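Okay, structure first, notes after.
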Amino acid sequence: MVVFDMTISPAPSRSRILSDLQSQTFDLLVIGGGATGAGIALDAASRGMSVALVEKLDFAFGTSSRSTKLIHGGLRYLKQFEIKLVREVGQERAIVHKLAPHLVVSEPMLLPLIKGGTYGRLATSFGLKVYDFLAGVSGKDRRKMLSKATTLKKAPLLRDDVLLGGGLYAEYRTDDARLTVENVKAAMHHGAVACNYAEVKDFLYDQGIVQGAVVEDGFTGDQVEVRARQVVSAAGPWVDELRKKNQSMNEKRLFLSKGVHLVVPHERFPLDQSVYFDVPDGRMIFAIPRGKVTYIGTTDTEYKADKERPRTNQEDVDYLLEATNSMFPEVNLRQEDVVSSWAGLRPLIYEEGKSASEISRKDEVFISDSRLVSIAGGKLTGYRKMAERVVDTAADQLAKHFDKSFGRCRTKSIDLAGGGLANSKEVKQYQGEVAMKLQAAGLTDPYLAQYLVHLYGKQTDLILAELAGMEQQNEAALIRAELAFALKYELVFTAADFLVRRTGRLYFDIDSVRQYRDLVIGQMARQYDWDETEQQTQRNLIDQEVEEVSTFPKQAASVPA
Ligand code: FAD
């Protein structure tokens, strides 16, 4: 099979990565492998800096696997008059779509207009027009105002007694964890040394200036010293913990807001059109179809408990089900319909007197007296632009203190996921080709081609090449092929890395996690030489993941922040 000319490289072994971390003084050490840190690593490495990226758990373990998964202009920020933010993230959508057209896909959003709702017809029409203008939306993607009948045609389950009409506007949907991991892979391809399960425990100083960090291997507990001329913290909800270690807290601090999404089978909420709708308390939430499911979210509540494992609790479920049923009464969702969920923490910058949903989503860069650069706040959508700002700051520091100079940001033209697909049309055509190949191998479910191409783009060729080499060609063989690809290219070290963050199966196909748990662990055991005790640990961890997303405590287990 001919495989396209990729711009990704097989990942080095973990022992090689750990030794590379200690082999030199890097220009830049990036702490945190979420979308922000991964974007910074790619930007810096592609400008020619030597870069190390360390993540204490798995890449995208934090907020970057738990968002609404929209690459969006943030209509609600227009309501708060955050014009600059709307313009920047709106324009970024088009750029990120171009960089990964399979992964950042057009998802027109329906905004139903209802009696007594947030927006009237005129205000909506004007607001969406301004939104299009700021985001540079053109042609057929521009907003359309719809009659009540057309709105109902698009979303027949909407409650019709209060419906007045609708507005349809351009948004994009993504998979946040895959966007993150593709940035990590592209950064590695440009020479960055990236290591997950590597936690910064402390900073290294030279005459009071941060010059690296003590990093602990999450599997062995061994510590290594990583030296760098400049250190950047992109630790999301953990930014203040590192600022405290660096003794550089000032009057600005993080405010964590929890957001929850519920997942129900598509048959129970058969939506074919994404909807952004009013709920009785004056907030707005999304309902988004994706493959076999529809997901609903989000909430916005202050959070002070365990940052590593935020959970969906009973109150969150009640709120989202009630809100959905009030706009889609015929659907009548019940708790038993919820098959999965996720909860994420927005790392916002505290503003005196403002509630969680009123606080701005804009990002801010802090430079401490000891030259630690920290970035906090922001949106997934703006990760590339945030990375540019941070790397510009790092480059200034490197020029000033070390007389080193680097070029300008290039990430606008660095394709993600190995490239190979130029636009949505090519993605669609390629998906058709993949579907035919799968059919020829006896895999007839059309979901499979959609799933593979959305997650992997042209890298699907590599998975199909693995599949072709297998004795049998069935769904189990396909997941084996997918895992073989992940093990080779995507720094997968636990079963959850694969089943939660590389594939999103825990959220979007939870039955497949139950079905293939042992197959995945068996194959990983052969790769990593796991004994029976380790295999049992992995099984328990997957069972814990399943339990945590599908059961809802009255009050989430709370560890004081
Ligand atoms: P994170 O993804 O949290 O990454 C920080 C990483 O740092 C973590 O992986 C953590 O393990 C690591 N780390 C912490 N301490 C250390 C240490 N000592 N050593 C090494 N590593 C460390 N944005 C959008 O654009 N669109 C949306 O639809 C959207 N929806 C959202 C919905 C919800 C519910 C939430 C919570 C957020 C949403 N956002 C959205 C915002 C977006 O998800 C975040 O802005 C973004 O993911 C933050 O990425 P990050 O890399 O800064 O943080």
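For the reader, a short list of remarks on this structure follows.
- Tally, over the range 334-344, of residues that are of a type in the set (A, V, I, L, M) and surrounded by 22 or more Cβ atoms within 10 Å (Cβ to Cβ): 2
- Cβ-Cβ distances below 6 Å connect the following pairs, each with a first residue in the range 75-103 that is in contact (Cβ under 8 Å) with a residue 60 or more places away in the chain, a second residue that is surrounded by fewer than 22 Cβ atoms within 10 Å (Cβ to Cβ) and aliphatic (A, V, I, L, M), and a separation of six or more residues or different chains: PRO101/VAL427; HIS102/VAL427.
- Only listed residue being without any contact (Cβ under 8 Å) to a residue 24 or more places away in the chain and closer than 24 Å to PRO12 by Cβ, chosen from ALA495, ALA481, ALA449, ALA435: ALA481
- Residue in the range 249-262 that is over 29 Å from THR124 (Cβ atoms), at pLDDT 95 or above and outside any strand (DSSP E or B) present: no
- Test set (1) over 22 Å from the mean Cα position of the chain (by Cα); (2) within 23 Å of THR301 (Cβ to Cβ); (3) among the basic types (Lys, Arg); (4) surrounded by 15 or more Cβ atoms within 10 Å (Cβ to Cβ) - LYS258 fails condition number: (1)
- From the list ARG229, ARG268, the one residue that fits, being over 26 Å from ILE359 (Cβ atoms), part of a loop (DSSP other than H, G, I, E, B) and either touching a helix residue (DSSP H, G or I) at 6+ places or on another chain (Cβ under 6 Å) or not aromatic (Phe, Trp, Tyr) (or both), is ARG268.
- Residue match in the range 199-206 (condition: crowded, with 20+ Cβ neighbours inside 10 Å and not in a loop (DSSP other than H, G, I, E, B)): yes
- Any hit, the range 78-96, residues being under 25 Å from LEU345 (Cα atoms), more than 24 Å from the chain's Cα centre (by Cα) and either among the polar types (S, T, N, Q) or crowded, with 20+ Cβ neighbours inside 10 Å (or both): yes
- Restricting ALA343, ALA356 to those that are touching a Gly at 6+ places or on another chain (Cβ under 8 Å) and over 23 Å from VAL51 (Cα atoms) reduces the list to ALA343.
- Count of residues meeting criterion [among the aliphatic types (A, V, I, L, M) and more than 16 Å from the ligand (Cβ to nearest atom)] in the range 343-375: 1
- Residue check, GLU107 more than 11 Å from the ligand (Cβ to nearest atom) and in contact (Cβ under 8 Å) with a residue 60 or more places away in the chain: no
- Looking at VAL210, VAL232, just one residue is within 12 Å of the ligand (Cβ to nearest atom), in contact (Cβ under 8 Å) with a residue 24 or more places away in the chain and among the β-branched types (Val, Ile, Thr), and that residue is VAL232.
- Residues in the range 18-61 that are touching a residue at least 24 places away in the same chain (Cβ under 8 Å) and either of a type in the set (Ser, Thr, Tyr) or within 14 Å of the ligand (Cβ to nearest atom) (or both): 29 in all.
- Restricting PHE485, PHE552 to those that are outside any helix (DSSP H, G or I) and surrounded by 20 or more Cβ atoms within 10 Å (Cβ to Cβ) reduces the list to PHE552.
- When residues in the range 94-108 are screened for being under 25 Å from THR151 (Cα atoms) and not β-branched (Val, Ile, Thr), 3 of them pass.
The values are calculated or read from the model by the stated rules, or taken from the named source; none is laboratory data. These numbers come from a predicted model, not from an experiment. Methodologically, a virtual Cβ is constructed for each residue, glycine included, from the backbone with ideal geometry; neighbour enumeration extends over all protein chains shown.
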